[in-house]
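Heads up, the thing below is written out as structure tokens.
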Amino acid sequence: MHGFANPARFLRLARMLTMPLLAIGIAMIALSLAWGLFGAPPEKLQGDSVRILFVHVPAAWLGMGGWSAIAVASLVELVWRHPLAGIGARAIALPGAFFALLCLVTGSLWGRPAWGTWWVWDGRLTSMLVLFFLYCAYMALADAASRDGQANSRIPSIFGLVGAVNIPIIHYSVLWWNSLHQPPSITMGKSEMAPEFLWGLLAATVGFSLLFGAVVLMRMRTILADQQAEARLRRRAMEGDDV
């Protein structure tokens, strides 16, 4: 883990991985969405509206997975003081928030024909909305710490760990409470989904995940470049004061 603590070593690896992840991810997304729109048959109960699952399910997965990654990075930063862990958590926050919002929007579009309403204060929907607000709060905390010159502040990391409590609530909400949202169709070693939907959905999930990884690497590179530029400006200012 500490082998990539050196920014130069990490940047070499990130530059090598970013474009392959981006290209493969976009290709898999395009193919899976094309299959979802033109290849998969209408579902017998939901009709053509079921096609939105090829975006909605990966968005939900990445919304929750993004915060799980923030929690892991926060733990690594707090316990082992890994220099890139905080940067990784900050880089994950924006794409994670985007996918959480995309999950809410597509879920609303899917819920309108399925439930007859755009929104209900259901356990799954409400906890996912809370997750989006947690992302917004985390980004505000991280930006405030960075502006105040406290890039190593532990407050965002603590918040990242505490917010992880919401992840199991989202996952188990359909089992704990009487929910309009359907229970999980895919569990460990078992699927209730027809193959013509299952394989396209898995491809879409992998494709969006690869795209997510590429975006996170690009954002980490940008944050590192900004920090290095700021450090150079600070050194020059100090040298000017000495003169």
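The values are calculated or read from the model by the stated rules, or taken from the named source; none is laboratory data. These figures come from a predicted structure and were not determined experimentally. Every residue, glycine among them, receives a Cβ derived from its backbone with ideal geometry; neighbour counts consider all protein chains shown. Heads up: the accessible areas ignore ligands, DNA and RNA and are worked out on the full protein's heavy atoms, side chains in. Shrake-Rupley method; radii C 1.70, N 1.55, O 1.52, S 1.80 Å.
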With θ taken as phi - 60° and the coefficients 6.51, -1.76 and 1.60, list the Karplus ³J(HN,Hα) couplings across region 45-50 in order, rounded to whole Hz; mark glycine and proline as x. 9, 9, x, 6, 5, 5
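Which whole-number percentage describes the relative contact order of the chain, with Cα contacts under 8 Å and a sequence gap of 6 or more? Display every interim value, and only then the final one.
On the way: 264 pairs, mean separation 80.1, N = 243.
Reported relative contact order: 33 percent.
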Connecting every pair of Cα atoms under 10 Å apart in the chain and solving the GNM, the largest mean-square fluctuation among 201, 131, 175 falls on 175
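Can you give the convex hull volume per residue for the Cα atoms of region 1-106, as a whole number of Å³? Don't jump to the answer; show the numbers that get you there.
Details: hull volume 11.3 nm³, N = 106.
Convex hull of Cα atoms, per residue: 107 Å³.
Given a Förster radius of 25 Å and the C-beta distance between residue 232 and residue 6 as r, what FRET efficiency does 1/(1 + (r/R0)^6) yield to the nearest 0.05? Intermediate results must be reported in sequence, preceding the final value.
Working: r = 18 Å, r/R0 = 0.72.
So the FRET efficiency works out to roughly 0.90.
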Per residue of region 124-131, in order, report the coupling 6.51 cos²θ - 1.76 cosθ + 1.60 (Karplus, θ = phi - 60°) as ³J(HN,Hα) in whole Hz, putting x for Gly and Pro. 5, 5, 5, 5, 5, 5, 4, 4
Solvent-accessible area of residue 110 with every protein chain in place, 1.4 Å probe, in Å² to the nearest 10: 30
Taking θ = phi - 60°, what integer Hz values does the Karplus form 6.51 cos²θ - 1.76 cosθ + 1.60 yield along region 60-68, in sequence order, with x for Gly and Pro? 5, 4, 6, x, 6, x, x, 5, 4
Kirkwood-based Rg over Rh for region 54-189 (C-alpha set), two decimals? 1.03
Stretched out fully, how many nm does the piece from residue 45 to residue 153 gain, at 0.36 nm a residue minus the Cα gap? 33.7 nm
Charge dipole (debye, nearest 20) of region 54-189; +1 at Cβ of Lys and Arg, -1 at Cβ of Asp and Glu: 40
Say we join alpha carbon atoms closer than 10 Å with springs in a Gaussian network model of the chain; which of 85, 142, 114 then has the biggest fluctuation? 114
Largest first, please: the extent of the C-alpha atoms of the chain along each principal axis, to the nearest Å. 78, 36, 30
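Over region 54-189, what is the mean sequence separation of C-alpha contacts under 8 Å (at least six apart), divided by residue count, expressed as relative contact order in percent? Don't jump to the answer; show the numbers that get you there.
Numbers: 150 pairs, mean separation 42.0, N = 136.
The value is 31 percent.
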If you roll a 1.4 Å probe over the heavy atoms of the protein chains, what accessible area per residue do you get for region 102-172, in Å²? 52
Taking region 90-157, which trypsin sites (Lys or Arg not before Pro) meet the DSSP loop condition and have no more than 14 other C-beta atoms within 10 Å? 154
Just reorder 136, 103 by solvent-accessible area, largest first, 1.4 Å probe, all chains present. 136, 103
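In debye, nearest 20: dipole of the chain around its Cα centre with unit charges on the Cβ of K, R (+) and D, E (-)? Mind dumping the intermediate values first?
Details: 18 positive and 13 negative charges, 89 e Å.
The calculation lands at about 420 debye.
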Rounded to a whole number, what % of the accessible area of the chain do carbon and sulfur atoms account for, probe 1.4 Å? 68
